[in-house]
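> Got a structure for you, written out below as structure tokens; questions coming shortly.
The values are calculated or read from the model by the stated rules, or taken from the named source; none is laboratory data. Remember, it's a predicted structure, so these values are computed and weren't measured experimentally. A quick note on method: Cβ atoms are made from the backbone with ideal geometry, for glycine too, and the neighbour counts reach across all protein chains shown. Note: areas computed on protein heavy atoms with side chains; ligands, DNA, RNA excluded. Shrake-Rupley method; radii C 1.70, N 1.55, O 1.52, S 1.80 Å.
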Amino acid sequence: MPAPVRVFRDSAIVAYRNLLTILRVPTLLVTATVQPLMFVFLFAYIFGASLGGGQYREFLLAGIFTQTVAFNAAFTTVGLANDLQKGIIDRMRTLPMSRLAVLMGRTLSDLVVNILSLAVMVACGYLVGWRINGGFLSAVAAFAVILLFAFAMSWVGALTGLLSPNVEVAQSAGLIWMFPLTFISSAFISAETLPGPLRTIAQWNPITAVSAAGRKLFDNGSPPSFKVPHGWPADHCVEYSIICSLVILVIAMPLALIQYRKVSS
């Protein structure tokens, strides 16, 4: 069997195994579905009332989509750390399978979880008044950009999980750096309102780019009180978000494979 076909087959088997685990323990989906819903209602109706009401809810959803797929990288982190701690990785190492398939299968299964999360979020968005105002192809492009970012973040989660000594550390390490990265962005507010250095970080933050790309392709506006962002990342948000995701993949994938060889040797 040719090597690419073998890698694809092995990756599909590992992904199927991970999805079966979720089906048998459905509470694993709580973080991927309930937490984003809480953020929607919290920001849309508690903070949103003073930030623009219905117009803010339209602005908000692309940021919530981006935040959700970024936080879901914790599935990859905890899942790999759990497999390491329970010896599953040791068992896979003894099998005649590609080393890449173990990590690819994990990230692909978590990509399916992200698709499910986005479906729940879209339904929730329509309930609170969000709409896709652009065309069908633009909406498909928006979800493709978000899912590409989700796949890239899953590889960051894989690297974090392989570096973590146990599941408890993985749970903290998988989220502790995501909170500042998410909130120092334009996921929920206009980055132009942030002070000096924080504004610069937010303007070049990949989460800002993916959120802005989603709003542009969904044709969602922002409240009149929000300052219009300026600069190359804002003017080329779709291209910049794709570049960020590809750069993350180029860096995280080799590092994760190197770390996998270390922990499985």
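> Residue 144 to residue 166: extension gain in nm, 0.36 nm per residue of separation minus the Cα-Cα distance?
Working it through step by step, the gained length comes to 4.6 nm.
> Along the three principal axes, how long is segment 36-96 when you take its alpha carbons, biggest first, rounded to the nearest angstrom?
Sorted from largest, the Cα extents of segment 36-96 read 57, 18, 11 Å.
> Still on this structure, I have one more. Using only Cα atoms, find the angle between the long axis of helix 206-218 and the longest principal axis of the chain, and express it within 0 to 90 degrees, rounded to the nearest 10.
60
> So what's the chain giving for Cα Rg divided by 2.2 N^0.38 Å, two decimals?
Taking N as the residue count of the chain, the ratio is 1.03.
> Helix 3-24 versus the longest principal axis of the chain: what angle, 0 to 90°, nearest 10, using Cα atoms?
Between the helix axis and the principal axis of the chain, the angle is about 70 degrees.
> Also, I was wondering about something else. Residue 85 versus residue 262, label points 7 Å from Cα toward the beta carbon: distance in nm?
Rounded to a tenth, the inter-label distance reads 2.0 nm.
> In degrees between 0 and 90, to the nearest 10, how far off the longest principal axis of the chain does helix 30-41 point, with axes built from Cα atoms?
Helix 30-41 and the main axis of the chain meet at about 10 degrees.
> Among 104, 155, 125, whose Cα sits farthest toward the positive end of the charge dipole of segment 26-162 (+1 at Cβ of Lys/Arg, -1 at Cβ of Asp/Glu, about the Cα centre)?
With unit charges placed on the Cβ atoms, the residue in question is 104.
> If you don't mind, there's one more thing I want to ask. List the residues of segment 107-128 whose backbone N lies under 11 Å from a point placed 7 Å from the Cα of residue 46 along the Cα-to-Cβ direction.
So the set is empty, nothing qualifies.
> From largest accessible area down, sort 22, 251, 64; use a 1.4 Å probe on the protein chains.
Ranked list, largest accessible area first: 251, 22, 64.
> Can you give the accessible area of residue 238 in Å² (nearest 10), computed on protein heavy atoms with a 1.4 Å probe?
Only protein atoms counted, so the area is about 30 Å².
> Okay, moving on. What's the Kirkwood radius of segment 1-126 in Å, using all Cα pairs?
16.2
> Report the residues of segment 112-155 in range of a label on residue 246: point 7 Å along Cα→C-beta, backbone N strictly under 19 Å from it.
Under cut-off, by backbone N: 141-155.
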